[in-house]
Amino acid sequence: MNVHIESLDAVQKKLTFEIPSDRVKEEVEKIYRTFQRTAQVKGFRAGKVPRPVLERHFGEQVASEVSAHLIEESYISALQEHSLQVVADPHIVPEKLMSGQPFRYSATVELRPEITVKDYEGVEVEKTVKKVTDEEVDKSLAQIAESLAQLHPITDRDQVESSDVVTIDYAASSEGRPLSDLQGKGRFIEIGKEVIFPGFQEKLLGAHKGETVQFSLPFPQRSADPQAQAPTERLAAFRVTVHDLARKELPVLDDEFAKDHGECDTLTALREKVRTNLQQHADRQADNQLQDTVMTRLLEINPFEVPPTLVREQLRRMLVDARMTSPDIDAATLESRLPEGLRDGFMSSAKKQVQIVFLLEALAQQLELSIPDEEVQQQVNDIVERVGPNQQPQVTAFYGREENRRVLRNRLLHEKALHLVVEKAHVKVVDREVAGGEERE
């Protein structure tokens with residue numbers, strides 16, 4: 001067997017195979033002997049079908065089976081012989097198998113990038129931190145109160161006024177065609193706050209309970225002509241029926257509120273509890289941003305390419321997780337369907353995520369990091385403890401499978417490598433609350 005390896009780029013190679021004619025003949029004879037024993041051909045007894053008849057009836061099937069076997073056998077052998085770490089299925093292009101001639105085919109493969117991580121100590125980055133303000137605490141408390149607001153029917157008037165909570169049915173059309181995203185029944189809107197459509201609420205002011213009002217509002221619509229610069233304007237014709245009016249009553253923010261809804265003795269204690277929660281969230285965001293900044297900088301210091309198939313698959317996972325596509329769609333189809341403007345941004349993000357995984361794997365191997373079994377089990381125990389009792393048996397069974405524990409171990413290994421890089425980074429802390437962005441080490 002002859003194999004010629006051509007580098008297409010840093011992570012893709014083209015392998016061209018030539019299987020000698022005697023090996024092809026040997027496999028062809030082997031398959032025909034199997035057909036000789038088992039083939040059912042009208043007019044012949046089993047095992048007595050002449051070879052020319054077999055070739056006429058089963059020639060294409062034999063060629064297909066021989067090609068598949070020779071490709072599998074030679075491909076695996078080449079990967080082992082040349083130590084090729086393939087990360088995706090190969091793209092196989094076979095020539096036609098001809099009796100008495102060598103069999104040739106090519107396989108384009110994507111490989112794991114070879115990375116030696118350099119300058120991972122002392123990466124210079126900035127970490128932006130913030131201190132929660134009184135205004136943010138007030139806003140959070142107001143949101144809690146808003147979520148506990150009660151509605152009381154308005155009985156002393158039947159006309160819509162500002163701040164009323166109005167129950168409506170509405171429908172919109174344009175040029176006689178319904179606008180599917182502008183239809184609703186039994187919808188609550190708060191006049192002055194909630195916006196269905198620009199200018200919509202103002203048209204309801206003064207409307208009477210039980211009345212149906214009709215009006216039109218303009219909205220911009222981009223031209224189908226990609227060369228057109230200015231948006232064209234259309235009208236949305238609305239038909240709105242006012243059903244009920246209500247007044248929203250917010251609970252008073254006092255010590256009783258703190259006891260009933262915040263599990264605190266006083267409003268002051270509740271404010272501090274809210275401040276602490278907001279600060280913890282801000283600190284987590286700052287830490288996550290620091291980790292991302294460190295990895296971005298490390299990728300700039302250690303640039304490398306990654307297999308395109310893995311980038312497309314990561315893109316698919318990102319969009320599935322964001323509920324932007326079906327889990328059943330394959331990565332190549334999804335990429336082709338994305339609008340160009342969105343595709344570039346998503347592909348760039350997916351590529352970075354794949355690069356980070358490879359970089360952390362390489363660093364962990366370079367530093368001979370490991371995760372002991374006890375640490376993996378402790379992580380499993382923590383996960384089981386966090387889920388509800390009904391899910392605990394399923395979670396325990398899930399991590400009882402070795403492949404799932406291996407994925408968990410790899411994640412912990414990546415986190416360990418990441419924390420090491422962050423710990424060794426030179427971090428300049430920037431306090432957002434200090435006027436002028438004063439820096440402090």
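The values are calculated or read from the model by the stated rules, or taken from the named source; none is laboratory data. Computed from a predicted model, the values in this text were never measured in an experiment. Every residue, glycine among them, receives a Cβ derived from its backbone with ideal geometry; neighbour counts consider all protein chains shown. Remember, those area values only see protein heavy atoms, side chains included, never the ligands or the DNA or RNA. Shrake-Rupley method; radii C 1.70, N 1.55, O 1.52, S 1.80 Å.
When the listed pairs K14/K416; K25/K48; K130/K273; K130/K428 are checked against a 25 Å cut-off, the alpha-carbon distance exceeds it for K14/K416.
Suppose R0 equals 51 Å. What FRET efficiency, 1/(1 + (r/R0)^6) with r the Cβ-Cβ distance, do S77 and T128 give to the nearest 0.05?
0.40
Any idea what angle helix 340-366 forms with the longest principal axis of the chain, computed on alpha-carbon atoms, 0 to 90 degrees, nearest 10? So the inclination is approximately 70 degrees.
Using C-alpha pairs below 8 Å separated by at least 6 residues, the relative contact order for the chain is 18 percent. Distance between the modelled labels on E60 and A246, one decimal in nanometres: 6.9 nm (7 Å Cα→Cβ projection). Remark on the range 93-157: ratio of C-alpha radius of gyration to 2.2 N^0.38 Å is 3.19. Looking at the chain alone, DSSP beta bridges between its own residues are antiparallel in about 90 percent of cases. Using +1 at the Cβ of each Lys and Arg and -1 at the Cβ of each Asp and Glu in the range 106-184, identify which of A149, T116, V137 lies farthest towards the dipole's positive end. With unit charges placed on the Cβ atoms, the residue in question is T116. For Cα extents along the principal axes in Å, the value computed from the atomic coordinates appears in the list (1) 69, 57, 45; (2) 101, 64, 54; (3) 72, 42, 37 under label (2).
The alpha-carbon of K203 sits under 28 angstrom from the alpha-carbons of these lysines, leaving out residues fewer than 8 places away in its chain: K185, K193, K248. With all protein chains in place and a 1.4 Å probe, the accessible surface of the chain carries 48 percent carbon and sulfur. Since only Q291, G206, L367 are under comparison, the one whose Cα sits farthest along the positive direction of the charge dipole of the chain, derived from C-beta charges on Lys, Arg, Asp and Glu, is L367. Reported to two decimal places, what Rg/Rh ratio describes the range 343-441 when computed on Cα atoms with Rh from the Kirkwood expression? We get a ratio of 1.12 for the range 343-441. Annotation for D373 and T38: the two label points, set 7 Å from Cα along the Cα-Cβ direction, are 4.3 nm apart. Full extension of the chain between R239 and L151 yields a length gain of 29.2 nm, computed as 0.36 nm times the residue separation minus the alpha carbon distance. Only the Cβ atoms of Lys and Arg (+1) and of Asp and Glu (-1) were treated as charged; on that basis the dipole of the chain about its Cα centre amounts to roughly 2400 debye. Based on protein heavy atoms only, the chain ends up with 63 Å² per residue of surface accessible to a 1.4 Å probe.
With a simple spin-label model that places each label point 7 Å from the Cα along the Cα-to-Cβ direction, the separation between I329 and F219 comes to 2.3 nm.
Label point of T266 set 7 angstrom out along Cα-Cβ; within the range 123-141, amide nitrogens under 19 Å from it belong to 134, 137-138, 141. Can you compute the helix-only [θ] at 222 nm over the chain? Use -39500 (n - 2.57) per DSSP H run of at least 4 residues, normalise by all residues, nearest 500 deg cm²/dmol. Mean residue ellipticity at 222 nm (helix-derived): -15000 deg cm²/dmol.
Semi-axis lengths, largest first, of the ellipsoid equivalent to the range 277-418 are 28, 22, 18 Å, with √(5λ) applied to each eigenvalue of the Cα gyration tensor. Look at the Cα gyration tensor of the range 338-397: its axes a ≥ b ≥ c give a/c of at least 1.5 with a/b at or below b/c, and that counts as oblate. Shape analysis of the range 103-254 places it in the oblate category; the axes a ≥ b ≥ c from the Cα gyration tensor give an a/c of at least 1.5, with a/b not above b/c.
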